[in-house]
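K.L.:
Mind looking over this structure? Questions follow.
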Amino acid sequence: MTAYQHTKELHQGSRVAGWHCLRKRRGLGVILTALLLAGCASNPAVKSGNSYTELYEGTSELTFSTLMPVESAEEAIARGDAAYRKGKVDEAVFEYIRSLELDPDNADTFYKIGAINLHKEANNKAASAFRLALEKDATHPGALEGLGLMMMKQREYEQARTMLEQAVEADNNRWQALNALGIMADLRGDFADARSYYDRALAISPRNVKLHNNLGYSYYLIGHWERAESQYQTALGLAPRHERTWRNLGQLYTRLERYDEALEAFAKVMSKADALNTMGYIRMAEEDYPQAETFFEKAAKVSPSYHVTSNENLEQVRRLIARE
């Protein structure tokens, strides 16, 4: 994927497998979204008897069979939290499930399981855990945020927006929800709203590279080049190797015809041939066909292995020039 294509898809996520059930409750009108393995009529990830082991995915549970028994749900949660802090996420989930077998009404525990599963990309198990948390507490901000983020990745934007707004209403410190709301606002062209969401998120997490990059891209979309560059530079000051920001900065410099700086930015994350080819695509998208032709020619010369790709691009751009 070229940098141009990459930045066009900045605010788009990969799809998550699953189906959706919606249940509206009174009060806040919380939407409970069930992402299930086999449709809305059944829920194979919910407890069987008094066991929630179907929410577990990871190291064989037999690995933890020698752990000391727990006397209370609170003890199991404490053990789970300790394991999580040590990076032992499978053990943490195992302990949280043990706590649920003693206290099945703890929404926070379901949320913790969901958050770990979401991080591990065990998406159906994450969704089931978040849904169970919301059955216990319909306004749980973490579970609303988690399901909202999953819905956004599925491009179910209206449902995601509803859930994320409810998450922020329940807890105005949910920066991930605010960031996601900003991304979706950019996608629908509500750029002022998008920047407002990013600003609110940055007030919570001011050194967050992702937020500075996304705010910069929002400025880029409306042609505020200097502000976009400033945000990108801030992001790189915090994380000098942040790949997406280098790509976005290279795109900006190419758009501004600052080609030496663009090549230097792209070279941080790709080969020179890739960088030149990407710059050619960007200029071609701007209908600057002669400059695009120059970059494609340079890419072909820099790397013999790029000869076929760059020459195909050359043929395309020359056909475009001929139509003018």
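K.L.:
Taking neighbour counts of Cβ atoms within 10 Å as a proxy for exposure, in what order, fewest first, do LYS112, LYS86, LYS301 appear? Write out the running numbers ahead of the final one.
P.N.:
Working: LYS112 23, LYS86 10, LYS301 13.
Ascending Cβ contact count within 10 Å gives the list LYS86, LYS301, LYS112.
K.L.:
If you don't mind, there's one more thing I want to ask. Please go through the range 85-121 and write out the GluC sites (Glu not before Pro) that DSSP classes as loop and that have at most 16 other C-beta atoms within 10 Å. Present the calculation step by step, with values, prior to reporting the outcome.
P.N.:
On the way: sites: GLU91, GLU95, GLU101, GLU121; in loops: GLU121.
Qualifying residues, ordered by number: GLU121.
Every number here is computed from the coordinates shown, using simple stated rules; none is lab data. Since this is a predicted model, take the numbers as computed values, not measurements. Reconstructed Cβ throughout: ideal geometry from the backbone, glycine too, with neighbour counts over all protein chains shown.
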